[in-house]
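Here's the structure, in structure tokens; my notes come after.
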Amino acid sequence: MTDTFTFNLIATDGKARRGTVSMPRGDIRTPAFMPVGTAGTVKAMYLSQVRELGADIILGNTYHLMLRPGPERVARLGGLHSLIGWPHPILTDSGGFQVMSLSGLRKLDEKGVTFKSHLDGSSHYMSPERSIEIQGLLGSDIQMQLDECVALPAKPDEIERAMEMSVRWAERCKVAFGDQPGKAMFGIVQGGDIPALRVKSAEALKQLDLKGYAVGGLAVGEPQAVMLEMLDTTLPVLPKDKPRYLMGVGTPDDILKSVALGIDMFDCVMPTRAGRHGLAFTRRGRINLRNARHAEDLRPLDEQSTCPATRDYSRAYLHHLVRANEALGGMLLTWNNLAYYQDLMAGIRLAIEQGRYADFVAQTQEEWARGDVTAN
């Protein structure tokens, strides 16, 4: 344990990095996948299960938590860690993405953004300073700057305007965050799908000497090749001795390819959301348990897995649960998916340490391509 926030690079293999983020509430082994706990819960999971699967950190969502139960109430109840029973690191996003994507009515200017709740239509205001204040009331360990995330495709002048304002908001967030020993505020690189704007954003944020840097505004519908091009352009500009976080990503293939370019941290709702909709991620690729071919298949999802949900329940039973809309189906498949993601990250970390990351990627992709085998 440490009373400071540090990032230690342990090994590299090409551009892929193996490191450790250390802070008072524990270490984060990188590359890391952060399960998303939107409203103080990783949906359909006990947090003790999430920890047992290998998660060192989870993500909380500022927008949703500010609407309910409210940051001041969370603070009165002892902070988010105490309230939810997770004594390990928590990262909170700024709420900016949800304000832009969920709020049908909003007014944005240099000072901040006024928006209406998607829950009840009530009016709320968020500025860079208020975002940091809310995250402080929640008590998170890593806090994100407020930024404007422009949906792609967009006009170049609109992308540039939002990027430049996001940089100015980062400066204000840094001032509002101040000096919080053992905690960190990350800046967010914006710039859409325009390489020069990504570089400009990264250069400006680097001058702020923040404790970590995120790449935002990707995995929002653009082709994977565009996302990878933006990463390949952006990451060489960012400091090598600071953690790099790709926000909202993604599929297992996205993760493999982004790690190869130098990303250290990921979050995504995909494994939990997919589980609730009947889709399983496995080392054999994706398995849709809604398909009728699983109705009499007594095999588990993967007999070699150490996860009980993956190893101990037949596909026939999982198919039945999903088709019957039983809550247990979503619970078991979410458990399976988060187990797969954490096992993937553990394999990535070991491969980088051993200098065989390219081989690991090839083997993993080959097994996906081989696919699942239908029972006889």
Checklist entry - For region 105-181, which fully contained strands (runs of 3 or more DSSP E) count at least 3 residues that are within 30 Å of V226 (Cβ to Cβ) and modelled with pLDDT of 90 or more? => result 142-144
Checklist outcome for this item: Filtering region 34-63 down to residues that are more than 22 Å from A309 (Cα to Cα), polar (S, T, N, Q) and either free of Cβ contacts under 8 Å to residues at least 60 places away in the same chain or part of a loop (DSSP other than H, G, I, E, B) (or both) yields T38, N61
Checklist outcome for this item: Residues of region 30-52 being under 27 Å from E353 (Cα atoms) and either among the β-branched types (V, I, T) or buried (at least 19 other Cβ atoms within 10 Å of the Cβ) (or both), in sequence order, are T30, P31, A32, F33, M34, P35, V36, Q49, V50
Checklist entry - From the list E326, E296, which residue is within 19 Å of K43 (Cα to Cα) and among the acidic types (D, E)? => result E326
Checklist outcome for this item: Of the residues in region 251-269, those that are without any contact (Cβ under 8 Å) to a residue 40 or more places away in the chain and buried (at least 22 other Cβ atoms within 10 Å of the Cβ) come to S258
Checklist entry - Can you name the number of the only condition in (1) within 21 Å of G275 (Cβ to Cβ); (2) in contact with a helix residue (DSSP H, G or I) (Cβ under 8 Å, 6 or more places away or on another chain); (3) surrounded by fewer than 18 Cβ atoms within 10 Å (Cβ to Cβ) that A346 fails? => result (2)
Checklist entry - within 26 Å of L350 (Cα to Cα) and hydroxyl-bearing (S, T, Y) - does that describe any residue in region 220-233? => result no
Next on the checklist: Tell me the residue from T12, T92, T20 that is modelled with pLDDT of 95 or more, surrounded by 21 or more Cβ atoms within 10 Å (Cβ to Cβ), among the β-branched types (V, I, T) and part of a strand (DSSP E or B), please.
Outcome noted: T92
Checklist entry - Inside region 53-73, can you point out the residues that are over 17 Å from the mean Cα position of the chain (by Cα) and surrounded by fewer than 23 Cβ atoms within 10 Å (Cβ to Cβ)? => result L67, R68, P69, G70, P71, E72, R73
Next on the checklist: Every residue in region 53-80 that is more than 30 Å from G121 (Cβ to Cβ) and in contact with a helix residue (DSSP H, G or I) (Cβ under 9 Å, 6 or more places away or on another chain), please.
Outcome noted: L53, G54, A55
Checklist entry - Right, S101: surrounded by fewer than 19 Cβ atoms within 10 Å (Cβ to Cβ), not in a strand (DSSP E or B) and not hydrophobic (A, V, I, L, M, F, W, C) or not? => result yes
Item to check | Within region 64-85, tally of residues that are free of Cβ contacts under 8 Å to residues at least 60 places away in the same chain and assigned to a helix (DSSP H, G or I) | outcome: 8
Checklist entry - When you look at R244, is it farther than 18 Å from L59 by Cα, modelled with pLDDT of 95 or more and among the basic types (K, R), yes or no? => result no
Checklist entry - For A176, which of the numbered conditions (1) touching a strand residue (DSSP E or B) at 6+ places or on another chain (Cβ under 7 Å); (2) touching a residue at least 40 places away in the same chain (Cβ under 8 Å); (3) of a type outside the set (D, E) fails to hold? => result (1)
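For (1) of a type in the set (S, T, N, Q); (2) assigned to a helix (DSSP H, G or I); (3) in contact with a strand residue (DSSP E or B) (Cβ under 8 Å, 6 or more places away or on another chain), each residue gets a yes or a no:
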| position | (1), (2), (3) |
| --- | --- |
| R293 | no, yes, no |
| D297 | no, no, yes |
| T306 | yes, no, no |
| T310 | yes, yes, yes |
| L318 | no, yes, yes |
| L328 | no, yes, no |
| M331 | no, yes, no |
Item to check | Boolean, M185 is free of Cβ contacts under 8 Å to residues at least 60 places away in the same chain and assigned to a helix (DSSP H, G or I) | outcome: no
Next on the checklist: Yes or no: region 300-322 includes at least one residue that is in contact (Cβ under 8 Å) with a residue 40 or more places away in the chain and surrounded by fewer than 22 Cβ atoms within 10 Å (Cβ to Cβ).
Outcome noted: no
Item to check | Verdict on R283 being within 23 Å of F33 (Cα to Cα) and among the basic types (K, R) | outcome: yes
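The values are calculated or read from the model by the stated rules, or taken from the named source; none is laboratory data. In this text the structure is predicted, and so the values were computed from the model without any measurement. Using ideal geometry, Cβ is built from the backbone for each residue, glycine included, and neighbour counts are taken over all protein chains shown.
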